[in-house]
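**Q** The structure that follows is given in the form of structure tokens.
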Amino acid sequence: MKEISEYLDHVLTVRRYSVRTRDIYREVLEEWSSWVTGRGLVEGECTVEALAPNIIRTYEVHLLEERKLVPRTVNLHLSVLSGFCRYLVRRGLMESNPVALVTRPKEARRLPEFYRKESMDLYFNETAYYAGEEALEMFRTAWEGAAGSQAHAADLYDRRLRRAVILTLYALGIRRSELIGLEIADLDFRRRVALIRGKGDKMREIPLTDIFCKEISLYLHAVEVLLQRNRSLKETVFVTRKGFPLYPEFVDNAVKTELGGVKGISGRLSAHVLRHSLATELLSAGTGLNSIKELLGHSSLAATQVYTHNTISQLKTIYQSAHPRAKSGGKYGD
């Protein structure tokens, strides 16, 4: 179906979605197209006529009952189909969006996971050596020394890199893709701000702490030692031991390696949980939702408000211990 290819080009070049998002859209639309033609619901190849409410409802049942997908994933499929239909409507190939007539499955509300500040402090304290000047000099000596010291140098660089990844994700609250695409020019150490390219190429500035600036500066020195050259401002901040930009799987593995054995950290180990952790800590410290929204690069306040649920348990604890009518034995039985 040529309209699918045209739509995928549209979301990448006009809507300026990421390549990863485009690939997810392709998988969803190709799966739908294959299902429609495989079931013989339309004659010949999949066409616009296949986007009918009754066919989409049948496809939804297929995803839920045959594929056994959770409602969240089914809703992703329907959202992609809805976006495709809106595109076809704008082009005059359809009169209306049929997905709007389909009832979507209800999702169980999922609260964002987060790591507690005490656990993150423990991690940074335990790995502080690998971010410092002494380890940098040891790395320089080993990397430029005899061949037998290369393995030790590689280990020192990998540990520094992984810690720098954790620090940046947690300190700036940026997305994994934003970290991978971060360029040296995006870090303004003089103004103490980072310029972040978010979804849809939207730009935002995030303040940098002195501690962050010092540690990342030392990391950048380590990269120049590694590559044996000065780097241009257009190169990515973080690179592998071979000098290549990071990739999603590398970041995922770095998070799992670094945080997997930290006391108090359990559950999902991912870059996005570090982003949630910063948002939760800022909210608990009294930061306004609008400020957190701008820092995270959310397009609407509704996306940021989900973090308020994570502070309810803290609020209940404070209420029970501090409120004069919350203690047992009160006049009204509370």
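**Q** Anything in the stretch 271-287 that is closer than 17 Å to Gly297 by Cα and assigned to a loop (DSSP other than H, G, I, E, B)? List them, or say none.
**A** Thr287
**Q** Being hydrophobic (A, V, I, L, M, F, W, C), at pLDDT below 95, within 28 Å of Gly198 (Cα to Cα) and exposed (fewer than 13 other Cβ atoms within 10 Å of the Cβ) narrows it down to one residue among Ala322, Ala285; which is it?
**A** Ala285
**Q** Any residue in the stretch 71-86 that is polar (S, T, N, Q) sitting within a Cβ distance under 9 Å of a residue that is part of a helix (DSSP H, G or I)? List the pairs, counting only those 6 or more apart or interchain.
**A** From residues that are polar (S, T, N, Q), the pairs are Thr73/Leu63; Ser79/Val28; Ser79/Val99; Ser82/Pro98; Ser82/Val99; Ser82/Ala100.
**Q** Can you spot a residue in the stretch 38-48 that is part of a helix (DSSP H, G or I), without any contact (Cβ under 8 Å) to a residue 24 or more places away in the chain and farther than 16 Å from Val99 by Cβ?
**A** Checked against the condition, which is being part of a helix (DSSP H, G or I), without any contact (Cβ under 8 Å) to a residue 24 or more places away in the chain and farther than 16 Å from Val99 by Cβ, the stretch 38-48 yields at least one hit.
**Q** Oh, and also: If Lys106 satisfies every condition in (1) modelled with pLDDT of 90 or more; (2) open to solvent by 60 Å² or more (accessible area, probe 1.4 Å) but one, which is the exception?
**A** Among (1) modelled with pLDDT of 90 or more; (2) open to solvent by 60 Å² or more (accessible area, probe 1.4 Å), Lys106 violates only (1).
**Q** Sticking with this structure for a sec: Take the residues in the stretch 44-81 that are surrounded by fewer than 18 Cβ atoms within 10 Å (Cβ to Cβ) and of a type in the set (Ser, Thr, Tyr); name whichever of them is modelled with the lowest pLDDT.
**A** Filtering first and then ranking leaves Thr47.
**Q** Looking only at the stretch 196-210, which residues are crowded, with 16+ Cβ neighbours inside 10 Å and assigned to a loop (DSSP other than H, G, I, E, B)?
**A** Matches in the stretch 196-210: Gly198, Leu208.
**Q** Return the total of residues in the stretch 131-146 being within 24 Å of Gly261 (Cα to Cα) and modelled with pLDDT under 95.
**A** 0
**Q** Go through the residues of the stretch 211-220 one by one and say whether even a single one is of a type in the set (Val, Ile, Thr), assigned to a helix (DSSP H, G or I), out of contact with any helix residue (DSSP H, G or I) (no Cβ under 6 Å at 6 or more places or on another chain) and open to solvent by less than 20 Å² (accessible area, probe 1.4 Å).
**A** Yes, because at least one residue in the stretch 211-220 is of a type in the set (Val, Ile, Thr), assigned to a helix (DSSP H, G or I), out of contact with any helix residue (DSSP H, G or I) (no Cβ under 6 Å at 6 or more places or on another chain) and open to solvent by less than 20 Å² (accessible area, probe 1.4 Å).
**Q** While we're looking at this one, here's another question. With (1) within 15 Å of the chain's Cα centre (by Cα); (2) within 21 Å of Leu208 (Cβ to Cβ) as the list, and Arg268 as the residue in question, which single condition is left unmet?
**A** All conditions pass for Arg268, except number (2).
**Q** Considering only the stretch 230-251, how many residues are closer than 23 Å to Ala153 by Cα, in contact (Cβ under 8 Å) with a residue 60 or more places away in the chain and open to solvent by 30 Å² or more (accessible area, probe 1.4 Å)?
**A** Result for the stretch 230-251: 3.
**Q** Would you call Arg268 in contact (Cβ under 8 Å) with a residue 24 or more places away in the chain and part of a loop (DSSP other than H, G, I, E, B)?
**A** When the stated conditions are applied, Arg268 passes them.
**Q** So is Leu93 open to solvent by less than 90 Å² (accessible area, probe 1.4 Å), at pLDDT 90 or above and assigned to a loop (DSSP other than H, G, I, E, B) or not?
**A** yes
**Q** Run Glu27 past the list (1) touching a residue at least 12 places away in the same chain (Cβ under 8 Å); (2) within 23 Å of the chain's Cα centre (by Cα); (3) open to solvent by 70 Å² or more (accessible area, probe 1.4 Å); (4) over 18 Å from Leu88 (Cα atoms) and report the number of the one that doesn't hold.
**A** (1)
The values are calculated or read from the model by the stated rules, or taken from the named source; none is laboratory data. Small disclaimer: the values here were computed from a predicted structure and weren't measured. Glycine gets a Cβ as well: all are built from the backbone with ideal geometry, and neighbour counts include every protein chain shown. Just so you know, the surface numbers come from the protein's heavy atoms only, side chains and all, with ligands and any DNA or RNA stripped out. Shrake-Rupley method; radii C 1.70, N 1.55, O 1.52, S 1.80 Å.
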